[in-house]
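Trainee: This is the structure I have questions about; it appears just below.
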Amino acid sequence: MSLVELFILAVGLSMDAFAVSICKGLSLGKITKKHMAVAGAWFGGFQALMPLIGYFLGSFFADMITKYAHWIAFVLLIIIGGNMEAMGEDEKVDACMNAKEMFLLAIATSIDALAVGVTFAFLKVQIVPAVSFIGCVTFVCSAIGVKIGSIFGSKYRSKAEFCGGVILILIGLKILLNGLGIM
């Protein structure tokens, strides 16, 4: 996986966290750099942790099904991408930024990254640089999301989730076409 592909994947994965961060920014009203850092740390940390967990789970099965890896990656990314908007609608966001609230939101926005980690195992991706990069991109997107939310409000949430879903579906299609030898 190239750096450009990893960046696009990281941005796609971060869109749920970005959307929730926008809503956090809206609910907080006046924000500080601490608010931005807290959201970035929670969301970025979990976006890095979940694919790492998925990678280790997928590593147990990767050797058995390597010849089907492109199909598995394609199906998982299609499912994740297609469900991103539906998952986001269930999340209720308020001004609370305590550990319990942020923990639950971080898990809810990073479940899709767990499945991506499984696909990383099938594709034999170098996991530490990949999850570090995903975590950093999500940190930045989430911090920016809090700021944007405090300025513009929640009207862009659904658009961010939609874009994230489309990006993941396109990456899944590219992996499938590469696996089939078409690209």
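Trainee: I want to check the label-to-label distance for N98 and I182. Put each point 7 Å from Cα in the C-beta direction and report it in nm to one decimal.
Mentor: Taking the two extended label points, one gets 5.1 nm.
Trainee: Would you mind calculating the gained length between S2 and F152 on full extension (0.36 nm times residue separation, minus the Cα-Cα distance), in nm to one decimal? Intermediate results must be reported in sequence, preceding the final value.
Mentor: Numbers: separation 150, 0.36 × 150 = 54.00 nm, distance 3.38 nm.
The S2-F152 span can extend by a further 50.6 nm.
Trainee: A follow-up question, please. Simple spin-label model, 7 Å along Cα-to-Cβ: F162 to I111 in nm?
Mentor: With each label point 7 Å from Cα toward Cβ, the separation is 2.3 nm.
Bear in mind these aren't lab numbers, they're just calculated from the coordinates by the rules spelled out. The structure presented is a predicted model; accordingly, all values stated were derived computationally and were not measured. Cβ coordinates were reconstructed from backbone atoms using ideal geometry, including for glycine residues, and neighbour counts include every protein chain displayed.
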